[in-house]
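Here's the structure we're looking at; comments come further down.
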Amino acid sequence: MGNCHTVGPNEALVVSGGCCGSDQKTYIVGGWAWAWWLISDIQRITLEIMTLQPKCDDVETAEGVAITVTGVAQVKVMTENELLGYACEQFLGKSVVEIKSVILQTLEGHLRAILGTLTVEQIYQDRDRFATLVREVASPDVGRMGIEILSFTIKDVYDKVEYLSSLGKTQTAAVQRDADIGVAEAERDAGIREAECKREMMDVKFLSDTKMADSKRELEMQKASFNQEVNTKKAEAQLAYELQAAKEQQKICLEEIEIEVVQRKKQITIEEKEIDRTEKELVATVKRPAEAEAYRMQQLAEGQKIKTVLTAQAAADKIRLIGEAEASSIKAVGKAEAEKMRLKAEAYQQYGEAAKTALVLEALPLIASKVAAPLSRTGEIVMLSGDGSRVSGEVNRLLAELPVSVNALTGVDLTKIPLFQKMVSPQCQATV
């Protein structure tokens, strides 16, 4: 006798043993199987996905930087008969936790081995490649256990020395730089495109303005041409009118000139007759009396001139005679003075030194009066000196200056007179 056993698609039913002592195993997935009592062995193994979180703490990379890596793996038992048999050999009779533990240790070993061959930058910057590498290396080993790695991803990578933080800052700076460069390039491209659009717009605008200006210029030129033709016709008409008016005015002027010429001729004839009459009248009334008056004035002027000449000659003769009389008088006085001086000279030669002395003595009172004139208004003279020689010095100075004054007044040199020499001798000075 036996029982019928069923399993869902998330489990595998393993039926071992059978009739006649056979040890053949049958694997049923999502179906049913018949099992004999006391003969067949019925076991189950899960086919559900198992989530593993392998973690390697402080694993040194190829550069010796200790990092911690956490991954997430999705694994399950494969359903192919041969591979399912491998799984049943390894894990049949074990719980899911035990199966996870075995697979987790296998994945962590491979993860640790691969971390030792890569740099931090390779692990951090290309996590997909790192996860793919772990999956490729670990798949053969777990495959021999009948386990399939459905997916493997790196969940987290970090370290305790802030190495990755520094890389992040560098990467952030690089990304920020690239972003700034991208923004600048985008702004540049936008500015260039905007400038090109503005240029195109301005080109279109300038072209339109140019066309409008050309049209306006052509219109103005046509208007100017029309105005020129109109003005030309007007000017021609005006000039023709003015020319005809000028001709008519010229005819009128010629007639007026002829009339004026006739009038002038008649006026000249009248004026000539008037001039003849006036000339005869002036001859009778002005010229004859004027000629008589001119003759009279001429005679008077000649008489006055003769009178003035005679008067001047008389005055000149008077002055000449007076001058001759004065010159004769001066000449007589000069001769008398010269005779007087000659006689004095003869007397001086005759009488010698006595005459000179007498002359000096006659002149001394006059000299004394002239010298004493300022002193006549003086009430008292006081001479102060601490030395008796001061007074005698002043007296000697006066005696020394006296011959010079006498010589200037009379021409007599007192220093040659013996009497004066005795007066100024040292004995006399000592007595004073």
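Sort TYR295, TYR86 from largest to smallest accessible area, using a 1.4 Å probe on the heavy atoms of the protein chains.
Working: TYR295 135, TYR86 80 Å².
Of TYR295, TYR86, the descending order of accessible area is TYR295, TYR86.
Using θ = phi - 60° and the Karplus curve 6.51 cos²θ - 1.76 cosθ + 1.60, what whole-Hz ³J(HN,Hα) does each residue of segment 309-320 get, with Gly and Pro shown as x?
5, 5, 5, 5, 5, 5, 5, 5, 5, 4, 4, 5
Checking the table LYS55/LYS160; LYS318/LYS340; LYS55/LYS100 against a 21 Å threshold on Cα-Cα, which pairs fail? Don't jump to the answer; show the numbers that get you there.
Working: LYS55/LYS160 15 Å; LYS318/LYS340 33 Å; LYS55/LYS100 14 Å.
Over 21 Å apart, Cα to Cα: LYS318/LYS340.
Subtracting the Cα-Cα distance from 0.36 nm times the residue separation, let me have the gained length for ALA245 to SER151 in nm, one decimal.
Working: separation 94, 0.36 × 94 = 33.84 nm, distance 12.08 nm.
Stretched fully, the ALA245-SER151 segment lengthens by 21.8 nm.
Express in Å², to the nearest 10, the accessible area of ASP317 obtained by rolling a 1.4 Å probe over the protein heavy atoms while all chains stay in place.
70 Å²
Using the basic label-point model (7 angstrom from Cα toward the beta carbon), what is the LYS234 to TYR295 distance in nanometres?
Once both label points are built, they end up 8.4 nm from each other.
For segment 323-333, take each phi angle, set θ = phi - 60°, evaluate the Karplus expression 6.51 cos²θ - 1.76 cosθ + 1.60, and give the result in whole Hz per residue in order, putting x for glycine and proline.
x, 5, 5, 5, 5, 5, 4, 5, 5, 5, 5
Please report, as a whole percent, how much of the solvent-accessible surface of segment 42-132 comes from carbon and sulfur atoms (probe radius 1.4 Å).
On the way: 1930 of 4420 Å².
Accessible surface attributable to carbon and sulfur in segment 42-132 totals 44 percent.
How much accessible surface does TYR158 have with a 1.4 Å probe, in Å² rounded to 10?
We get 80 Å² for TYR158.
Can you pull the percent of segment 176-318's accessible area that's carbon plus sulfur, 1.4 Å probe, other chains left in place? Mind showing how you got there, number by number?
Values: 7690 of 12740 Å².
Here it works out to 60 percent.
With every protein chain in place, what's the accessible area of ARG277 (1.4 Å probe, Å², nearest 10)?
Using a 1.4 Å probe on the heavy atoms, I get roughly 120 Å².
What ³J(HN,Hα) values, in whole Hz, does the Karplus curve 6.51 cos²θ - 1.76 cosθ + 1.60 give for segment 107-123 when θ = phi - 60°, with x put for Gly and Pro?
So the Karplus estimates, Gly and Pro as x, are 5, 5, x, 5, 4, 5, 5, 5, 4, x, 9, 10, 8, 4, 4, 5, 5 Hz.
How about LYS223: which aspartates and glutamates have a C-alpha closer than 13 Å to its C-alpha, ignoring those fewer than 8 places off in the same chain?
none
When the solvent-accessible surface of protein heavy atoms is calculated with a 1.4 angstrom probe, in what order do MET297, MET78, MET202, MET50 fall, highest first?
Details: MET297 100, MET78 30, MET202 65, MET50 5 Å².
If we order MET297, MET78, MET202, MET50 from most to least accessible, we get MET297, MET202, MET78, MET50.
The values are calculated or read from the model by the stated rules, or taken from the named source; none is laboratory data. Just so we're clear, the structure is a prediction, and the values are computed from it rather than from any experiment. Positions of Cβ are generated from backbone atoms using ideal geometry, with glycine treated the same way; all protein chains shown enter the neighbour counts. With ligands, DNA and RNA removed, areas are computed over all heavy atoms of the protein, side chains included. Shrake-Rupley method; radii C 1.70, N 1.55, O 1.52, S 1.80 Å.
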